[in-house]
Amino acid sequence: MAMIFLSLPFHDLLRCQQVCHSWNDHILGEKSMQKRMWKVCVEENENPHFDEPSALARNIILEDGRNAGLPALETSQTVIDTFLEAYPTTGDLPGSDRDFLRYLHGLNDACSGAPDINDAGDWPTGWHELYCHECEEYHTKFRFENVHPLFRFLEDTPLCITGSSSRLIVKLKLVHSEFAPASCYDHYCAGIIGLAKNLEKAYHAMDKGKLKGDMFTCPWCTMLVARVATAPIERTIASRNPLGLTVQEALKLLVQLFWEELQELADSNKVTSITCLLRSAQDPRHFWNNPNIDIVGRSLSHRNEGDWERHLKTLPAILEQFERAVRDADAIMRPIPEWKGIP
């Protein structure tokens, strides 16, 4: 019987637990099965949550900037390690703003030494391996197979996970560029609604399957820090558990992160990405020539001023589509008690 259970995937084991008390006791009574069911912590001394980079990627040298001549990956990882080591491991308080700013500046310095190439797909091998399209920084890839089966949707979510050993950092990016054409906003809106559905589904599956105390990752994760992109600068929120972060604790943090990001985009009292462009549509020539606007981000999506003016005409429809996606996502998330709602 033990060999049969060990060969079954996670969701089939959940169904087997419901068959009878004998099967349930057998599944939860074996140490090897407890690990399969994410019921116990598994600690490892190495860095188990990230892919091992190739020798080429490890040996890439930054070309210029403050860190010129230093290995790119080692420089970025040192910044991450320093930030996590200073982050409080207990209590509800976030890390200090000073430490977080030092972390952001350190990552920026590391990125500034990269080749000046617009398309990451054209970068030399090694750079492409380290570049993350979600955070636009350099780090090794997270092993999403290490997360609990309830969270496997995270691999298809616009977020990235960095960190070191059992301490992880997550960043969610719902909108990649305010200058993107309408077709990109179709993708952004679908991603927002898709994430809402996945979080809501995970919440109810957690409740129904009594999975609140399961481990979020295997091997364990003792701290999950979320980067929140609120104006005027990012900040952090975190969940900690020295005995291993649970499914319930991780889900609560991800719900809060999603709410913070959606609230920031939807808040009409702030100059958000889309509304800023919509207001600027009244004077597209001034906007195109405005030195305060991110010319690189704009020119990657729009070749010239005429192309930009045609894009501006689609902004009212884009804004309506985006606001509808926010309302739909809010309605989906309302049954979750931790969801604060979008006004």
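Annotations
- Length gained when the stretch Asp307-Asp109 is fully extended (0.36 nm per residue, less Cα-Cα span): 67.9 nm
- Spin-label zone in region 214-253 - amide nitrogen under 17 Å from a point set 7 Å from the Cα of Arg152 along the C-beta vector: 215-219
- Directionally averaged projected area (convex hull, Cα atoms, region 55-268), nm²: 12.8
- Entries of Lys141/Lys212; Lys171/Lys210; Lys252/Lys340; Lys212/Lys252; Lys210/Lys340 with Cα pairs more than 18 Å apart: Lys141/Lys212; Lys171/Lys210; Lys210/Lys340
- Cα gyration tensor shape of region 142-213, rounded if a/c is under 1.5, else prolate or oblate by comparing a/b with b/c: oblate
Readers should treat all values here as calculations from the given coordinates under stated rules, not as data from a laboratory. Remember, predicted model here, so these are calculated numbers, not experimental data. Neighbour counts are summed over all protein chains in view; Cβ atoms, including those assigned to glycine, are modelled from backbone coordinates with ideal geometry.
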